[in-house]
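Just so it is clear, none of the values below were taken in a lab; they were calculated from the coordinates. Owing to the predicted nature of the structure, the values given are computational and were not obtained by experimental measurement. Cβ coordinates were reconstructed from backbone atoms using ideal geometry, including for glycine residues, and neighbour counts include every protein chain displayed.
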Amino acid sequence: MAEDKRIRVLVAKPGLDGHDRGAKVVARALRDAGMEVIYTGLRQTPEQIVEAADSEDVDVVALSLLSGAHNTLFPKIVDMLRAKGMGDVLVVGGGVIPASDIPGLKEAGVKAIFTPGTPTKDIIDFIKANV
C-alpha cells in the first residue's frame, strides 16, 4: 500500500448522548485536513462502534461524549478493540470530561482527551503524529 495513504478516522458518539455538533465540527475539520472520516451517528453501542471500526479498517477511533458515561464507555470500547486484535487503533476522546477523569481514561488506553475549546488543529496534529 502507498506510504501516503490517507488516515481513516471513525468519529463515534457512544451511549445516550444526543448532542453531536462538536463531533460534526471535528469530523469536518479532519476531513478538510485530508483524512477519510466515517461518522457513525448518535447513540451507538460500544459493539456497534467496534464493529464499524473493524469493517471500515480505521486507523483512529475518535469518541465524543457529553453525557458523563465516558469512564464506563471509553475503556469498554478500548478493551473490545484489543479483544478483536485491533489494539493498534489509536483511540482519542472528547467532550465535557472533567480534568480529574482524564488520567484514568489515559491509563485505560485512551491516548488523548480533547475538551471543549480545543482547537481542531491540535486534534489534527495529534492524530497525524500518533498514527
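Would region 21-63 count as rounded, prolate or oblate if I go by the C-alpha gyration tensor, calling it rounded below 1.5 in a/c and otherwise prolate when a/b exceeds b/c, oblate otherwise?
It is oblate, given that a/c is not under 1.5 and a/b is not larger than b/c.
Counting other beta carbons within 10 Å of each residue's own, what order do PHE114, PHE74, PHE126 fall into, fewest first?
Ranking PHE114, PHE74, PHE126 by Cβ neighbours within 10 Å, fewest first, gives PHE126, PHE114, PHE74.
Just the Cα atoms of the chain: what Rg and Dmax do they give in Å?
Both quantities, over Cα of the chain: 13.3, 41 Å.
Expressed as a rounded percentage, what relative contact order does the chain have, with Cα pairs under 8 Å and six or more residues apart?
26 percent
ILE102 to GLU51: extension gain in nm, 0.36 nm per residue of separation minus the Cα-Cα distance?
15.8 nm
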